[in-house]
Amino acid sequence: MIHFHQINKHYGSFHVLKDIDLHIKAGEVVVIIGPSGSGKSTLLRCINRLETVTSGELLVNGMKVSDKSTNINKLRQDIGMVFQHFNLYPHMTVLKNIMLAPTKVLGISEKEALDTAMHYLEKVGIPEKANAFPSQLSGGQQQRVAIARGLAMKPKIMLFDEPTSALDPEMVGEVLDVMKSLAREGMTMAVVTHEMGFAREVADRVVFMDQGQIVEEAAPDQFFANPSEERARQFLSRLM
Ligand code: ADP
Ligand code: MG
């Protein structure tokens, strides 16, 4: 579903991604960890071309992301993205937030968009908030709305960039639970997170990045029990 072949990216003279090789199959959950500034967000953002790569080949759902001829709208329709800050539209109700892209981008009817929005609101556990405004919701609830909004586009891939980092601790669990059920249902997911419990429980693979490189990639059991790289070892020892 996602293939990075020798991807490099520069911001001006700064080499932010270095020879990235990463392959994510349909239905896989890959958790990306690493120190701040190591390139995790940049790597995610290349997948839906929020960032362009400097060299290498990136294939997503059969599309060549860096090709000029690639239909970026089609590419982005297949990819949902959830950020640290939920980025909901403050002047729209929860329902309208979720219905906006399906009606504007996919052109489906209001009725169908409404049914879809309610379906995903139920899935994330807050159907009773349909007519609330974002400011009336807790951070955890807002993030669940953001996930429902992503799902309403029926994406093939979901990208999560530190989805729980801005939440109060007591709200982290409810968001992780939604992500866990999504993973169990077979969604292809790339998740940047510092939640090692989530990584252990849900990830098919853990990818450890440092200074723009993938330093280590392993199954969670193996990675957490015995990371083979010193940099990964140090990173984990600081977290735990
Ligand atoms: P992470 O998500 O792992 O913290 P990022 O991908 O956000 O890392 O950033 C990696 C590096 O690239 C950092 O040093 C950051 O300062 C730099 N960087 C990120 N975005 C830009 C940008 N738009 N222009 C220049 N440098 C950037
Ligand atoms: Mg980041």
Three semi-axes of the equivalent ellipsoid, region 183-240, Cα gyration tensor, whole Å, largest first: 20, 12, 10
Please state the shape class of region 113-192: rounded when a/c is under 1.5, otherwise prolate if a/b exceeds b/c and oblate if not, all from the C-alpha gyration tensor. oblate
Using the crude model of +1 on Lys and Arg Cβ and -1 on Asp and Glu Cβ, and no other charge, please compute the dipole size for region 112-169 relative to its Cα centre, in debye to 20. 140
Could you work out how much longer the chain between GLU170 and SER55 gets when fully extended? Use 0.36 nm per residue separation minus the Cα distance between them, nm to one decimal. 37.2 nm
Just check region 144-240 against the gyration tensor rule for me: Cα atoms, a ≥ b ≥ c as the square roots of the eigenvalues, rounded for a/c under 1.5, and otherwise prolate or oblate depending on whether a/b exceeds b/c. prolate
Long-range tail of P(r) for region 92-138 (Cα pairs > 13 Å, %): 51
What does the accessible area per residue of the chain come to in Å², with a 1.4 Å probe and no ligands, DNA or RNA counted? 46
Any GluC sites (Glu not before Pro) in region 138-230 that lie in a DSSP loop and have at most 16 other Cβ atoms within 10 Å would be GLU185, GLU229
For the chain, whose charge dipole is built from +1 on Lys and Arg Cβ atoms and -1 on Asp and Glu Cβ atoms, the candidate among SER38, ILE98, LEU137 with its Cα farthest towards the positive end is ILE98
Let me spell out the model: positive unit charges on the Cβ of Lys and Arg, negative unit charges on the Cβ of Asp and Glu, origin at the Cα centre of region 1-148. What dipole size does that give, in debye rounded to 20? 260
Filter on LYS25/LYS68; LYS68/LYS111; LYS18/LYS129; LYS40/LYS74 - keep pairs with C-alpha separation over 32 Å: LYS68/LYS111; LYS18/LYS129
Compute the Rg/Rh shape ratio of the chain: radius of gyration over Kirkwood radius, all on alpha-carbon atoms. 0.97
Relative packing of peptides 101-108, 7-14, 147-154 - highest average C-beta neighbours within 10 Å first: 147-154, 101-108, 7-14
For region 75-118, what class follows from the C-alpha gyration tensor (a ≥ b ≥ c being the square roots of its eigenvalues): rounded when a/c is under 1.5, otherwise prolate if a/b is larger than b/c, else oblate? oblate
Summing -39500 (n - 2.57) over every DSSP H run of at least 4 in the chain, dividing by its residue total and rounding to the nearest 500, the 222 nm mean residue ellipticity is -11000 deg cm²/dmol
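Note down the magnitude of the dipole of region 152-203 about its Cα centre, charges +1 on Lys and Arg C-beta and -1 on Asp and Glu C-beta and zero elsewhere, to the nearest 20 debye.
Numbers: 5 positive and 9 negative charges, 81 e Å.
My answer is approximately 380 debye.
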State, to one decimal in nm, how far the label point of GLU112 lies from the label point of ARG238, with both points 7 Å from Cα in the Cβ direction. 4.9
Once neighbouring chains are kept in place and the probe is 1.4 Å, which whole percent of the accessible area of region 87-240 is contributed by carbon and sulfur? 48
Say a paramagnetic label sat at a point 7 Å from the Cα of ASP204, along Cα to Cβ; which residues of region 130-173 have their backbone N under 15 Å from it? 156-159
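The values are calculated or read from the model by the stated rules, or taken from the named source; none is laboratory data. Just so you know, these numbers come straight off a predicted model, no measurement behind them. As a convention, Cβ positions derive from the backbone with ideal geometry for all residues, glycine included, and neighbour counts pool all protein chains shown. Side chains are part of the model used for accessible areas, which takes the heavy atoms of the whole protein and leaves out ligands, DNA and RNA. Shrake-Rupley method; radii C 1.70, N 1.55, O 1.52, S 1.80 Å.
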